[in-house]
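Take a look at the structure set out below.
Just so you know, all these numbers are worked out from the coordinates, no wet-lab data involved. The structure displayed is predicted, hence computed values, not measured ones. Cβ atoms come from the backbone with ideal geometry, glycine included; neighbour counts cover every protein chain shown.
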Amino acid sequence: MRKIIIAGNWKMYKTQSEASEFLMEFIAQIDDAPEDREVVLCVPFTDLAIVSKSLHGNRIRLGAQNVHWEESGAFTGEISASMLTEVGVRYAIVGHSERRQYFGETDETVNLRLKAAQSSGLIPILCVGETKQQRDGGKTEQIIINQLDNGLVGVAQDKLVIAYEPIWAIGTGETCEAGEANRVIGVIRDRLTNPNVTIQYGGSVKPSNINEIMAQPHIDGVLVGGASLAASDFAGIVNYQ
């Protein structure tokens, strides 16, 4: 059975005080959301501890935005899986396009991070997607299949979430048409050995388009960027009909 997972990625936004204010407003707005929907907040590292305390006994799960492949070592600026689980983190985003674009992530380092996350009990959210140039060149399927084949070597698919995020639709306001997102996610699903992997769509998800997105048969949830920063917007997404 595929789980519905609605995840927010705050990226490099919100101080601890801003995170606390968000939670006070947001939690009250999702009381009536169906129990079969898992809600995840992937917050900056500095917010993890305070958000974890605020979520104690709550239905919302805590996520990180990255995880290193080593347990410890001379890796300035990185965070290990055990550091994350100690503060109650359950999920970790791996391979986001911004990490690949700005910080040199490759399919190989993504693979290492995925395996490290799973070995410590974290559920990684693997991000895959193509650029506008790659899509216009007819390479969407090829790019995504390569990301999957290289990234998932030795990775357990029963402890995995995948997010299809077309790079040209992230933070641009340009959303991949729901039917096309469903088609590409179907390609991803056909490449997996486990039919029960949750596959999300990400890219300019908003309260105004969530119903259409979630009506697609292959889409099991969303990874939300900008719209997860406003409590009312993210609650509107969590409460989709």
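Sites listed here are trypsin sites (Lys or Arg not before Pro) in segment 128-174 whose DSSP assignment is loop and whose Cβ has at most 15 other Cβ atoms within 10 Å: Lys139. When both segment 100-133 and segment 17-31 are represented by their alpha-carbon centers, they are found 29 Å apart. For the chain, a crude dipole built from +1 on the beta carbon of Lys and Arg and -1 on the beta carbon of Asp and Glu, taken about the Cα centre, is about 240 debye to the nearest 20. For the chain, the relative contact order comes to 22 percent (Cα pairs under 8 Å, sequence separation of at least 6). Ignoring aspartates and glutamates fewer than eight residues from Lys132 along the same chain, the ones with Cα atoms less than 18 angstrom from its Cα are Glu98, Glu141, Glu165, Glu174, Glu177, Glu180. Using the Stokes-Einstein relation with a Kirkwood hydrodynamic radius computed over Cα pairs, the translational diffusion coefficient of segment 53-111 at 20 °C and a viscosity of 1.002 mPa s comes to 169 µm²/s. In the chain, the DSSP-assigned H stretches of four residues or longer account for a calculated mean residue ellipticity at 222 nm of -10500 deg cm²/dmol, using -39500 (n - 2.57) per stretch and the full residue count as denominator. Sequence neighbours fewer than 8 away in the same chain don't count; with that in mind, list the lysines whose C-alpha is under 18 Å from Lys139. Of all the lysines, none pass the test against Lys139 - Cα under 18 Å, at least 8 places apart if same chain.
Take the cross-link list Lys53/Lys206; Lys11/Lys206; Lys3/Lys159; Lys115/Lys206 and give me the ones stretching past 20 Å between alpha-carbons.
Lys53/Lys206; Lys115/Lys206
Where does the chain land on the Kirkwood hydrodynamic radius, alpha-carbon pairs, in angstrom?
17.8 Å is the Kirkwood radius here.
Between Ala28 and Arg183, what is the label-point separation in nm under the 7 Å Cα-to-beta-carbon projection? Label at Arg183, label at Ala28, 4.5 nm between them. Taking chymotrypsin sites (Phe, Trp or Tyr not before Pro) across segment 32-93, the ones in a DSSP loop with at most 13 further Cβ atoms lying within 10 angstrom of their Cβ are Phe75.
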